[in-house]
1. How many nm separate the modelled label positions at Phe132 and Arg150, each set 7 Å beyond the Cα in the direction of the Cβ?
2. In segment 59-110, what trypsin sites (Lys or Arg not before Pro) fall in a loop by DSSP, with at most 11 other Cβ atoms inside 10 Å?
3. In nm, to one decimal, how far is the modelled label at Ala86 from the one at Gln23, with both set 7 Å along Cα→Cβ?
4. Under the rule a/c < 1.5 gives rounded, and otherwise a/b versus b/c splits prolate from oblate, where does segment 25-155 land using the Cα gyration tensor?
5. When you have a sec, figure out the Kirkwood radius of segment 43-113 from all distinct Cα pair distances and drop it here in Å to one decimal?
6. Take the Cα of Asn121, step 7 Å along the line toward its Cβ, and report every residue of segment 23-39 whose backbone nitrogen sits under 13 Å from that point.
Amino acid sequence: MKLRNFSLSVLALAGLGAVAQAQEVGRVISSTPVIHQVAVTRPVCTTEQVVAPGQKSGAGAAMGAIAGGAVGNAMGKGSGRDVATAIGIFGGAILGNKVEGDGRPEVRQVQNCTSQTFYENRTTAYNVVYEFNGKQYTVQMPSDPGPTVRLQVTPVPSGPVTAGFPPPPPATGNMVPPAGSAPVN
């Protein structure tokens, strides 16, 4: 019974030890920005003055034709009345058109926009060299960590496991350093 309780206690402690982690702090030796050129598209607009020719409404010619026709009709007699009316209409249209004028040219502000690509230098990450337990490591971080970097340390048993536990499976492949870091030579 005592052996069973002891075994359960060791199992519980071993289980806690396997998930135990510690917060440690590494001293930052250097933090270098990683800069990339990024394409940025922006609208570029210019404003120009454009002169549009004036347009006639045709009202001057119409009013002149009516007035000229009325005057020609009033002045003519007999068969000459038709000729006088036609001459009055024609002459009134020409005179009315001249009175209306050529129309004033109109000055307008016209905005023209195009898209242009510019290149800007932007910091995309930081290459950080830090020291922990006498060794230097490097890691790329999304922001500048400041004078220290927080580390998550998980203990790993260094010797054989005792107290009736089966040995861990042999390690295969290369040993992997903590996530995102590698020793600096």
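1. Modelled inter-label distance: 1.3 nm.
2. In loop regions of segment 59-110 (DSSP not H, G, I, E or B), the sparsely surrounded trypsin sites (Lys or Arg not before Pro) are Lys77.
3. Each label point lies 7 Å from its Cα, and together they span 10.8 nm.
4. Prolate, because a/c is 1.5 or more and a/b exceeds b/c.
5. Taking the inverse mean of 1/r over all distinct Cα pairs, segment 43-113 comes out at 14.4 Å.
6. Flagged as within label range: 33-38.
We did not get these values from a lab; they are worked out from the coordinates using the rules stated. Nothing here was measured: the structure is a model prediction, and the numbers come from that model. Here the Cβ is made from the backbone with ideal geometry for all residues, glycine too, and neighbour counts use every protein chain on show.
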